[in-house]
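The values are calculated or read from the model by the stated rules, or taken from the named source; none is laboratory data. Just so you know, these numbers come straight off a predicted model, no measurement behind them. All Cβ positions, glycine included, derive from the backbone under ideal geometry; neighbour counts span all protein chains shown. Heavy atoms of the whole protein, side chains included, go into the accessibility calculation; ligands, DNA and RNA do not. Shrake-Rupley method; radii C 1.70, N 1.55, O 1.52, S 1.80 Å.
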Amino acid sequence: MGSMDHFSVGWLTPVLSYAMACVGAALGLRCTLRALSATGTSRRNWLLTAAAAIGSGIWTMHFVAMFGFAVDGTELRYDVPLTVLSLLVAIAVVGLGVFLVGHGRHRGRSLLLGGLTTGLGVAAMHYLGMAAVRIHGELRYQFGTVALSVLIAVAAATAALWAAVTIRNMYAAAAASMVMGIAVSCMHYTGMAAVHVHMEPARTGLGGATPMQFVFPLAVGLGSFLFLTAAFVALSPTAQERAAYREAGELAVEELGADELGRAA
């Protein structure tokens, strides 16, 4: 059995991965809230942005944390198609859960179904990402610990969606995103606690790409996407603000018309 280290570069990876999970959760909660106050195409676009934010944040959290994962006696590489698939699964399944909440008629049932779907998507992303790992050996899992990690993912997703449709205060939303970040991180490290490595003789070279060749550039790109999207959402007016702008514009037009009539008289 190989000796594993989940913190091979110290506390940098868990702290940074937690920050990415928080950013993704905060952005996703904000976009979901915007979607619930919108209609038609605008609602769909906000929900798509929420799905991309939450899915990208969780995926980035996982692979940033994986930079601290090391196994004695072997290097780590990643299967590129499986790694990309894990990202697509995260966004697609999270998107399904978000749309269930955004378009569901019964709030309680929608939250439960959305939380279950999103949580299973988070777990699927994690274990697909682990299936992409290439080492001189085999990764095996403890079933009970895996089941616990899935339960944590479902609970975290349900709580996040509940927060998205319930919380209106900015400070409460920030607190909810930090709690969500803790829950996602707990799910990740619970899943990693289920891993056991059985080493095999290094007969051939490992396929796939090294973390610095592929995972790092992709994680940086997704992190940049999250921060830029967060800036866009922060600067984008809410539905109430747009209504106020329209009302102010209509009042200005009415006042201008009254002035013109006064001059004509």
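With an a/c value of 1.5 or above and a/b larger than b/c for the gyration tensor axes a ≥ b ≥ c computed over the alpha-carbon atoms, the stretch 87-140 is described as prolate. Model label points for ILE182 and PHE227, set 7 angstrom from Cα along the Cα-to-Cβ axis, are 2.6 nm apart. A Förster distance of 45 Å, applied to the separation of the beta-carbon atoms of HIS103 and THR210, puts the FRET efficiency at 0.60. Which whole-angstrom value gives the distance between the alpha carbon centres of the stretch 90-125 and the stretch 129-193? Rounded to whole Å, the Cα centres lie 14 Å apart. Per residue, the stretch 35-156 exposes 41 Å² of accessible surface when a 1.4 Å probe is rolled over the protein heavy atoms with every protein chain present. Note on ARG44 and VAL80: the extension gain reaches 9.9 nm, defined as 0.36 nm multiplied by sequence separation minus the Cα-Cα distance. Were the residues from ASP72 through SER37 laid out at 0.36 nm apart, the gain over their Cα-Cα distance would be 7.4 nm.
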